[in-house]
Each structure stands twice: as structure tokens, then as C-alpha cells.
1. Counting only protein heavy atoms and using a 1.4 Å probe, what share of the accessible area of region 48-115 belongs to carbon plus sulfur, as a whole percent?
2. Could you list which residues have their amide H under 5 Å from that of L69, counting only those 5 or more apart in sequence or on another chain, with H placed in the peptide plane?
3. Considering only protein heavy atoms, what per residue accessible area in square angstrom results for region 1-132 with a 1.4 angstrom probe?
4. Any idea what log10 I(q)/I(0) is at q = 0.21 Å⁻¹ for the chain, Debye with uniform C-alpha scatterers and no solvent?
5. Divide by every residue of the chain the summed helix terms, -39500 (n - 2.57) for each DSSP H run of at least 4, and state the resulting mean residue ellipticity at 222 nm, rounded to the nearest 500 deg cm²/dmol.
6. Which order do S62, S110 take by accessible area at a 1.4 Å probe, largest first?
Amino acid sequence: RRYFDNIFEQQIEQSKRDKNLLAFLIIDIDHFKQYNDTYGHQDGDKTLQLVAKALSKTLKRSSDYTFRLGGEEFGLLYNVIDKDGAISIANQAKNNVENLKIEHSKNSASKYITISSGLYIIDNNDTNNISHIYKKADDALYEAKKNGRNRVSIVKK
């Protein structure tokens with residue numbers, strides 16, 4: 001998490017200098033507590049590792065970052081050309097996790113492990129601080145959960 005806090009601000013400044021968009025995707029594994037309760041913490045730990053690898057493989061550039069933010073929560077930071085590109089990568093991350101086909105009988109969204117995500121796209125005109133960006137992405141994450149899980153919700157500015 002400390003690494004994320006350091007990198008986040010640097011990446012925002014870099015993307016503004018380069019006139020790129022920076023996407024921040026906050027991710028939560030759906031019903032992970034129930035997963036641990038059903039399959040055990042050892043399987044839960046293995047699942048966290050597999051999800052982290054699937055998320056990392058979604059991002060292709062060395063300037064893109066995958067973070068474990070805590071518990072079953074992850075974050076992705078990646079540069080994109082446009083909003084559609086940000087959404088496409090967010091959906092690819094979602095699909096890559098579900099395509100692991102890790103059984104999760106207590107998941108209301110699928111019979112496999114899935115993720116819900118909140119997407120915030122930072123542009124050159126964005127004056128919000130990191131705390132605000134994080135909060136808005138987290139709010140979008142909870143909207144994705146409220147609307148059925150296993151989906152990406154985008155922050156409306």
C-alpha cells in the first residue's frame with residue numbers, strides 16, 4: 001500500500017506532463033469472506049495470488065501498475081488514450097479473473113471467483129487530490145457491487 005501511495009502521485013504528474021489519461025481501477029473480489037469461510041484461508045491465499053497474477057497480466061506496459069491495497073482489494077494504474085481504452089482494460093481484468101475458473105459456490109454473480117471494480121479516469125484538467133480520486137473510485141466500486149457484482153462501474157465527473 002505504501003508503494004501505491006508513492007507511485008500514484010508520481011503517475012498523475014507524469015500523465016499530465018505527457019498529456020495522457022491515467023486510469024485508476026479499484027477492485028474487490030466478490031464475496032471473498034464467504035470464499036475463505038467455505039474453502040479455507042489457505043485456498044484464499046492461493047486465490048489472492050492467482051487473482052494478482054491475472055490482473056498483472058492484463059496490463060502490458062512497464063508504466064502500468066498492479067497493487068494489492070489490502071485484504072482482497074487491488075488497484076490498477078494504467079495510461080490510456082481515451083475513455084473507451086480505460087473501460088476496455090477494466091473489463092479485460094474482470095474477464096481474466098473470471099476466466100481463471102476458480103470455483104466459488106457462494107458467489108451470487110457467478111459460480112467462479114469474480115471481481116467488482118470502480119474506474120476513475122484522470123485527465124489533464126483534473127484538480128482532485130488523491131484522497132478524492134480514491135474515494136470516488138471506491139464509491140463506484142460499491143455501486144458495481146450494489147448493481148449485481150462482477151462488473152465495472154465508472155465514476156461520473
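1. 47
2. Here F74, G75 satisfy the definition.
3. On a per-residue basis, 52 Å².
4. -1.37
5. After summing the helix terms and dividing by the residues of the chain, the value is -16000 deg cm²/dmol.
6. S62, S110
The values are calculated or read from the model by the stated rules, or taken from the named source; none is laboratory data. Predicted model only: the values in this text are computed from it and were never measured. To get the accessible areas, we keep the full protein, side chains included, count just its heavy atoms, and leave off ligands, DNA and RNA. Shrake-Rupley method; radii C 1.70, N 1.55, O 1.52, S 1.80 Å.
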